[in-house]
Amino acid sequence: MCSLEPDPKKALKDCDNTQILGNIGEGRDVAMACLYLAADAPFVTGTNLNVSGGAEVTGANKGIGYAVVQALCKQFDGDVLLTGRSEERCKAAVAELQKQGMSPKYHQLDIDDQASINKLRDFVKEQYGGIDVLVNNAGIAFKQSATESFGEQARVSCGTNFTGTLNVCNTLFPLLRPHARVSNVSSFVSQMTISKCSKEIQEKFKNPSITMDQLKGLMQQFIDAAQTGSHQKQGFADWSYGMSKVGVTVMSFIQQRELNSDPREDIVVNACDPGYVDTDMTSHKGTKTVEQGADTPVYVAMLPPGTTSPKGDFVSDRTIKKWG
Ligand code: NDP
């Protein structure tokens, strides 16, 4: 190009001066960029190469989500996005991981706030173009000593754990790339809770053809019944957190069924159980460390291409468990 200019030498020097590295690139630099992962690429400034993909982890400033980010930073070949509702808490978590030699990125995300979910979607779309791994870890649980009424606990628990997670999925799933992996962090209590429901309600949740609308209807029926204290009479368990996680587990089964007919190939969704983990949620009574708790959520997030099992399953200790 410079040779076409009236003063090729000056044009070349001008071009050099526009480059951060002080000289323009050569064919070799482009070739070396192709070998970027295997060799030095001296003309790569970091702005012209797109990163290979994005892994998003919700509710990751502490507890199991933090340990999931830590593990993904070591195992995932691409940027890992640590998200959470408090910028301050998330930035502190990122700084802690940086001290350990890792480089997670941060983006704000409150799964109860659709505007916040939309902002994350726009950021990811613009920055990465798609998602390879999504770990839906964010969740809440009332303490036994909580003074809120059962109806309020049901509304809030299901609102965040079920509806918030579903909203994140509905908003981010269009960005999932072929071979993407989704790890929905449910709980062993979802299994205990479904067994406490009436036979009729169990059959509705366990119906292999249940649709997402029917599931949303059942969850709403539970929340409404909880307001008047008639949830048990209607066949639901007397456990708001447990019912919210029943919703997360069944939601994952439905999502896989829906994605099986999606034109994007090989997308795998699983519900998983981290076990009983020593975190703020359990008032540090859990028997597993956060690293142990992160093991199964990360295992399902990193399932290799072409995985047929687990796929649309409930996974605990890296093993498919018959659910319900
Ligand atoms: P923690 O209470 O330690 O951490 C929960 C995380 O979720 C926090 O980062 C919290 O953020 C975040 N969060 C809560 N609400 C929202 C929201 N609206 N938007 C975004 N982030 C939110 O819990 P654990 O690490 O123990 O739990 C992680 C997941 O594992 C949960 O889904 C939980 O239900 C599940 N689980 C945990 C078990 C255990 O034994 N610990 C057992 C089985 C399942 P913030 O700091 O802002 O509150």
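The values are calculated or read from the model by the stated rules, or taken from the named source; none is laboratory data. Please read all numbers here as calculations on a predicted model, not as lab measurements. All Cβ positions, glycine included, derive from the backbone under ideal geometry; neighbour counts span all protein chains shown. Protein only, heavy atoms only, side chains kept; ligands, DNA and RNA dropped before computing areas. Shrake-Rupley method; radii C 1.70, N 1.55, O 1.52, S 1.80 Å.
A few remarks follow.
- With a cut-off of 15 Å between beta carbons, the residues surrounding Gly151 carry a summed charge of -2, where Lys and Arg count +1 and Asp and Glu -1.
- Peptide packing: for 308-314, 92-98, 68-74, 257-263, the average count of neighbouring Cβ atoms within 10 Å per residue gives the ranking 68-74, 308-314, 92-98, 257-263, highest mean first.
- Charge context of Leu134, other residues only, Cβ under 10 angstrom, K/R +1, D/E -1: -1
- Rel. contact order, % - alpha carbon contacts under 8 angstrom, at least six apart, segment 54-320: 21 percent
- Accessible-area composition of segment 65-214, carbon plus sulfur, in percent [1.4 Å probe]: 47 percent
- For segment 54-320, a Kirkwood radius taken over Cα pairs fed into Stokes-Einstein (37 °C, viscosity 0.692 mPa s) yields D = 178 µm²/s.
- Part-to-part distance (alpha-carbon centres) for segment 255-324 and segment 189-216, which is given in Å: 19 Å
- Nearest-0.05 FRET efficiency for Lys322 and Gln127, computed from C-beta distance (R0 35 Å): 0.30
- Using the average count of surrounding beta-carbon atoms within 10 Å as a protection proxy, the listed peptides 298-304, 239-245 rank, highest first, as 239-245, 298-304.
- Selection of trypsin sites (Lys or Arg not before Pro), segment 102-159, meeting DSSP coil and at most 13 other Cβ within 10 Å: Lys143
- Summed side-chain charge close to Ser86 - residues other than Ser86 whose Cβ falls under 11 Å, Lys, Arg +1, Asp, Glu -1: +1
- Rounded to whole numbers, the Karplus 3J(HN,Hα) couplings from phi for segment 57-63 are 10, 8, x, 10, 6, 7, x Hz, using 6.51 cos²θ - 1.76 cosθ + 1.60 with θ = phi - 60°, and x at Gly and Pro.
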